[in-house]
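No lab work stands behind these numbers, since they all come straight from the coordinates. All figures in this text were calculated on a predicted structure; none of them were measured in a lab. Using ideal geometry, Cβ is built from the backbone for each residue, glycine included, and neighbour counts are taken over all protein chains shown.
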Amino acid sequence: MIERRNASFSGDIELDTKLSNHSRQSNQIYAHYEPQEVLNTSLHNDELNINPNVIYNDKAVSFERKISISSNVVGTISNENIDIKKMLFEEIFMTGSMPAVKRFLTEQFEDYIETRDSKLLIYVVWFVIDVILRGIAQVFLCDHPVTGIFVLFGIGITSMELVGYSILGTLFGTLGCILSMLLFIYSLTHSSTHSLGAAIIGRPRLQDITAGLCGYDGALVGCACWAFLNAPHKAAIAIVLSFISGIVHVACANILNTFELPTFTFPFNITMICFLLSVKTEHATVTSLSSASSKTYSDDYTDMSINYFVDASIRGVGQFMFVDTTVGGALVIIGIAVASRIGAFAAWTGSSIACLTAYYLLQVPDLINVRNGLYGYNSSGCVASLSGSVFFYSNLSNYLGGSLVGGSLAVLILTTFQSILGTLWGLPVLTFPFITTTWIIMMTRSSLFVKLEEPNPDSTEFLTASHHSHHSFEKVKV
């Protein structure tokens, strides 16, 4: 609300309303700035000349400069709208993770926990939605809610039921991590369990929860239950296993930190392979494994062509969450590109190399699964981790090394896991080849892969720092 000295101006009331409405619209967007900065940013026309008091965030903020009311005010408001749209565009497409949105929702959630103000309940709902979307996006190494939206659209093309399982798994996986936090706090207050509970269970950080790092294993567990289990009790099993995967995630993160390795999807693999093996060997009879699809294909479906390569390379990215359509995989790639264009290209490159390696180098007999992307998703995740600017700087040498070595090695390791899990027990390989290949390359501590925390090898600072750096992989957060 603005108090004006000249009340005789005929357009005062209308202008007052416009500026007041505009201030309320800007309130949420500029929440992470100081009030004075917001006002100086929003009302910047030098031709305005009055001295008002403005109510912003329940505080009176006075302008240092006078603002005069003129015919240019309408144009100023229009410019403000353009600035807001520009800021939103940069927040979505240029920041990589929409940090201002995350910060704002986290603050509102914390305020609700402290005050229990019902007016803040709507922000709690948005906070939960944001965490779920980021958890789904983290399957593809992205901390971005818009990425999660694109991934859900891609999953929806395969099955709307699969969308529900992925959301359900993400939610309960996150709740499992929160339970680990409560167990950690309990262990600190009881000396008899302090050393064991605190050491093994550990405590997930709040920023890990808000970034979706505690939910992506649950998302994969939910999708795997949809894909591999028969209908009876499938949803209930997905909820329980997703919840367990959240606890396993925290424990694995603490253990793997000792070896300076990221967790990746190891908790998902441990949780699902244990359950699937129990069901397969009939040590657990709560459900049964679904039979393989009997879909028929044309005779030329396995012939290498442009369509074959496009299908294999794009589906290979989406198959990480069981997206088996080309359109669905394309939506996943677009979603990754919202957060990181380099990451999206690296993911597609890994899947493409896997297709060529399986088809020409190894000449695998199952060319239908190659086209459906089942040979590509592990290589896609590996190359995205090594060359997608997630853990290491991405340059030409890093990109070529990570793509050629990581992408092809992941296919070779995939066939090894198929011989063990598939041939002996009839079980899927899940993402074991991805994490195994990436860990092996990371443990080489090669100078080809420079951590993001270290100086950029393309900058001048790197020339002096490289003489003192042994390129160790210390305490990587995943």
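In loop segments of the range 285-368 as defined by DSSP, the trypsin sites (Lys or Arg not before Pro) with at most 16 further C-beta atoms inside 10 Å of their C-beta are K295. Our note on the geometry: Cα centres of the range 204-221 and the range 258-286, 18 Å apart.
Across the range 321-332, computed HN-Hα scalar couplings (Karplus, 6.51 cos²θ - 1.76 cosθ + 1.60, θ = phi - 60°) run 10, 6, 8, 10, 10, 5, 5, x, x, 5, 5, 5 Hz from first to last residue, x flagging Gly and Pro. Given the range 202-264 reduced to its alpha-carbon atoms as identical point scatterers, what log10 I(q)/I(0) does the Debye formula return at q = 0.18 Å⁻¹? The Debye formula, applied to the Cα set alone, gives -0.67.
Between the amide H of L229 and those of S290, distances stay under 5 Å, these residues lying 5 or more places away or on another chain, with hydrogens modeled in the peptide plane. Compactness check for the range 299-465: Cα Rg over 2.2 N^0.38 Å is 1.05. The alpha-carbon atoms of the range 136-280, seen along their principal axes, cover 51, 36, 26 angstrom, with the largest extent given first.
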